[in-house]
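Right, one structure below, let's go through it.
The values are calculated or read from the model by the stated rules, or taken from the named source; none is laboratory data. Just so you know, these numbers come straight off a predicted model, no measurement behind them. For neighbour counting, all protein chains shown are included, and Cβ atoms are generated from backbone atoms with ideal geometry for every residue, glycine included.
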Amino acid sequence: MKANKIHRPFSSKRLKNQILNVVKNPFNIIVAISLVILFCLIVIPLLQMVASTFTVAKGELRRIKGAEVGDFTLYYWKYLLTGQMASATLWGPLKNSIVCGVFTVLVSVPVGSILGWLVARTDIPGRKLIGMLVVIPYMIPSWCKSLSWLAVFRNSTSGSLGFLEGLGIPIPDWLAYGPVAIVLCMSLHYYAFSYIHVQSALRSINSELEEMGEICGAKQPQILRSITIPLVLPSVLSAVVMTLSKSIGTYGVAANLGNRIGYFTLATKMKNFINGSPQNVGYAMSIILIILAALIIFANQKMIGVRKSYATIGGKGGRSTLMRLGKAKYPLMAFIVIFLFFAMVMPMFVLIMETFQKSTGGGYGIENLTLYNWIGSNPDLAPYYTSYKGIFFNDDFGKAVGNTILLTVIASTITALCGQFLGYISTRGRGKWYGSLTEQLVFIPYLMSGVAFSAMYVSMFSKPHLGGLIPTLYGTFALIVLTSVVKHFPFASRSGTANMMQIAVELEEAAEINGAGFGKKMSRIVLPLAKNGFISGFMLTFISIAKELDLIIIMMDNRTTTMSYLAFTYSQEGLNQMADAISVCVLLFILVCYIIANRFGADIGKSW
Amino acid sequence: MSRIELKHIDKFYGDNHVLRDINLVIEDGDFMTLLGPSGCGKTTTLRVISGLEKPQNGVMTIDGEEMVNADTAYYAEPSKRGLNLVFQSYALWPHMTVRGNIAFGLKIKKLPKDEIERRVRESLRMMRIEEYIDRYPNELSGGQQQRVAIARAVASNPKLLLLDEPLSNLDARLRVDMRSELQRIHKELGTTIIYVTHDQVEALTMSTKIALFKAGEISQIAPPMDLYMNPIDLEAADFIGNPRINFLAGKARFDGEKLHVECELNKWDFDKADMTDEEVPDGEFDCVVAIRPEQIQIFEEAGEDRIPVSVYANQPAGSETLVSLKAGSSDFLSKQIGLASYALDQTVYVHVAPEKINIYNGQTTRLIKKAY
């Protein structure tokens, strides 16, 4: 018998007090409201999307005999899984996605881990500088990387020449476009997950563990193999999972580098369906993407669950002695230099230079240089490369800058605020049902790739709900904001949780004892203490929304274009120099934000 | 100035029964210490009193006014209980100055400005840290932060002051200083104090009463010296006192008039008048003879009531000397004031006053013969 289940006779006084206890505490009300909102914004759209894949839509009326709109149907799933086109719509792209994902892991995880180890644990010359430089490529949005890849490797297949073809080096299609390009491009981006994970794990592991190995007579490679690597293995595994689930769902890179030669992944194919028809097939594909991501994360938890991360266990002091590399430091230095050259210097250089070129691939001679792409105003002067004005005189660009700033400011403010609240609820509700429920609900958007997530929202808000109380948001700016906010909940609430964890519960209890009510407690104690964490969380969300392309690409139209989307469309139209010029602006914008964020102690390692 | 009464308090965390039927009366003006090893429920009891935890069972009153009644699910808010709490971690708000920290609660009470300033200054003067009024907590040392935390608690003139292991983060010297400081506050303010600690020295030196906790229950409530002289059971005896009390296994028999006890050290007959109300078994039974190390006097020469034993080890430490002794197979410790030096395996003669000996029932571990 459970001793704490004491049955008392019913008493109205008791009931009244019990109700008062719950209602009088504003915290309970906030928890209730948050849970309802999370439920409406996450669970219902998900269910709605699942339901829509089983419901006849208007577009397919003619194809499904005798059906009416709203009837139950397996048509879409049959179309996707067993139809005549199944191999082209699902299995081929699925195979491509998995191949790209796996190879991205195979390239990026070793590269990132080695970089992390070099920076955290060795006496490689210029460690601090390297540590700073190494995260810069990660700040370049992945779709920007694909543009700079094109700037370097483009060949005649897509019209204008790239840098290398311009030098007379023939570039085959398999290198310029398709899986190789996609894998390398994504690796140059997602290496950051492994780098950040391994580096911070190594920093928190006491180097005495390694020194003990040395005392026992082990040689350096032996210590690395049997002490260091096993200790960071859990962090490496979770980096693998993140890289895999992220790269499978990535749209921008795959679209830029694959669409031109008809190489589709699940994400790019899905977008075609959602923008075209039958739409519900696209939703079914996004469910497959979600299941895929969930499976990967579940498998990881199964594997790591038992032997959690060792990272903090041995981290008593943070005393860390650097490993002497000796002669090995020269090849390792060369490795870093080569990495930085390919990940940062060359793409940036080519990207920036291309914005000044009349003809891409035409070399950097003065006769081929122009400022037209930036400030050109008379289309007659440069008829061969563009029909638009230079971006600074281009209305589309001005509108895109305005939209981008509006979107990032509004969305990141809301996201960061919600993140703090959600973090507060999950830390103060640790071990209680509502704490873990909040954490789980907030985690769901993490499982979805950007395209799948926005597909879900488009599906949900393409018709009015609650008898018009929630209007049709399709094509509105509000929907883009809402989508950006909810999609960034997992990250924002993680930063909120970390922030709230630093505020000891006793500080709040002390205020309670001194007579502060909930409002006073929040405004005088919690918020002032959470301020710095809030600002850094805000800036990181800001950067991440400013970079975003995948998430909002489905919802974009002429009125709501952002900078990243404009660059993407220009690139698809073949206006490479213009696309590059916009990318450079985005890059500058992000770098400036990052520098500001750093002032407030933001850590780029916490942003994904 | 208040009298606190806890009746049948039960507290669960999930299925974990952390407080079991706690009954405790704290009289007006008491300095009550809740003493026990970590995880025994003493801090939880304090939090129940403060209102930060809600017990599932029981009633609590302060000055006869009901503050907690689990039967009607009534729990008064912490701020309505007229108390204040000093946290183990001090819980000073890092974004406020010392003045801001102390004034916070007073501002919420909407006291006039000059009254707030007066009370802030007065409480700081009492803690002798007036000069730090405009500092931030992280600009103060641990001991100074401690004083600010206490100043913040007393500034609101609480009827009841709760202290949760306030000295555990201080070094040994500061602890001695703060002990006398707390004693002085208790006397000056006349406030009822409830003090949680696992340190028996703090408990014994400062309290007027000690409640000894064991696994979520109160095993004994007594004034410090009573607790020291007559711990209620073997566990309590073992916990109180440093160096630890000596336990010697023995046999006892009660004939209705006298308690006959025999162990390897000696034989005693104790009067019925010295015995507790605890029932004793018929016939001969196992008992434990408990003797405080300072009650064992060592002599170099034989004499009346002196028992020959051999020296096993000798630990002089300046102000006192600990001597390990052996009688048959039993070993025990003696504490001598000042420096003493004995050769190992030397035979010495010890004297133990019978009235200072505790006898425990070996079976039930309860005290059957008191010391005085």
Kindly indicate the residue of the range B:103-120 that is at the interface with another protein chain (Cβ under 9 Å from one of its Cβ atoms) and of a type outside the set (D, E, K, R) and also nearest to the chain's Cα centre (by Cα) among those meeting that condition.
-> B:105
Which pairs do you get when a residue that is at positive phi and assigned to a loop (DSSP other than H, G, I, E, B), found in the range A:190-216, comes within reach of a residue that is of a type in the set (Gly, Ala, Ser) and modelled with pLDDT of 80 or more, reach meaning Cβ atoms under 6 angstrom, with the pair 6+ apart or on two chains?
-> none
Going by the structure shown, is residue A:567 within 19 Å of residue A:493 (Cα to Cα) and either touching a residue at least 60 places away in the same chain (Cβ under 8 Å) or within 14 Å of chain B (Cβ to nearest Cβ) (or both)?
-> no
Do we find that residue A:47 is buried (at least 16 other Cβ atoms within 10 Å of the Cβ), aliphatic (A, V, I, L, M), at negative phi and part of a helix (DSSP H, G or I) in this structure?
-> no
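Yes or no, residue by residue, for (1) within 30 Å of residue A:232 (Cα to Cα); (2) within 14 Å of chain B (Cβ to nearest Cβ); (3) in contact with a Gly (Cβ under 7 Å, 6 or more places away or on another chain); (4) surrounded by 15 or more Cβ atoms within 10 Å (Cβ to Cβ):
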| site | (1), (2), (3), (4) |
| --- | --- |
| A:21 | no, yes, no, no |
| A:28 | no, yes, no, no |
| A:56 | no, no, yes, yes |
| A:89 | no, no, no, yes |
| A:94 | no, no, no, yes |
Residue B:19 meets each of (1) in contact (Cβ under 8 Å) with a residue 60 or more places away in the chain; (2) more than 9 Å from chain A (Cβ to nearest Cβ); (3) assigned to a loop (DSSP other than H, G, I, E, B); (4) not basic (Lys, Arg) with one exception, condition (3)
Output the residue which, of all residues in the range B:1-10 that are more than 11 Å from chain A (Cβ to nearest Cβ) and not polar (S, T, N, Q), is nearest to residue B:216 (Cα to Cα).
-> B:9
The one condition residue A:560 fails out of (1) surrounded by fewer than 24 Cβ atoms within 10 Å (Cβ to Cβ); (2) of a type in the set (Val, Ile, Thr); (3) modelled with pLDDT of 85 or more is (3)
Name the pairs: first residue in the range B:197-208 and free of Cβ contacts under 8 Å to residues at least 60 places away in the same chain, second residue surrounded by fewer than 19 Cβ atoms within 10 Å (Cβ to Cβ), Cβ to Cβ under 7 Å, at least 6 apart or on different chains?
-> B:205/B:179
If you check residue B:138 against the conditions, is it more than 29 Å from residue B:218 (Cβ to Cβ) and within 14 Å of another protein chain (Cβ to nearest Cβ)?
-> yes
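Residues checked against (1) in a helix (DSSP H, G or I); (2) more than 23 Å from residue B:217 (Cα to Cα); (3) more than 10 Å from chain A (Cβ to nearest Cβ); (4) without any contact (Cβ under 8 Å) to a residue 60 or more places away in the chain:
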site: B:12; (1), (2), (3), (4): no, no, no, yes
site: B:29; (1), (2), (3), (4): no, yes, yes, no
site: B:49; (1), (2), (3), (4): yes, no, yes, no
site: B:92; (1), (2), (3), (4): no, yes, no, no
site: B:101; (1), (2), (3), (4): yes, yes, no, yes
Subset tally (residues that are in contact with a Leu (Cβ under 7 Å, 6 or more places away or on another chain) and small (Gly, Ala, Ser)) for the range B:144-187 | 5
Note on residue B:60: of the conditions (1) more than 11 Å from chain A (Cβ to nearest Cβ); (2) of a type outside the set (Phe, Trp, Tyr); (3) touching a strand residue (DSSP E or B) at 6+ places or on another chain (Cβ under 7 Å); (4) not in a strand (DSSP E or B), unmet is (4)
Which of the following residues is part of a helix (DSSP H, G or I) and either within 18 Å of the chain's Cα centre (by Cα) or surrounded by 23 or more Cβ atoms within 10 Å (Cβ to Cβ) (or both): A:530, A:510?
-> A:510
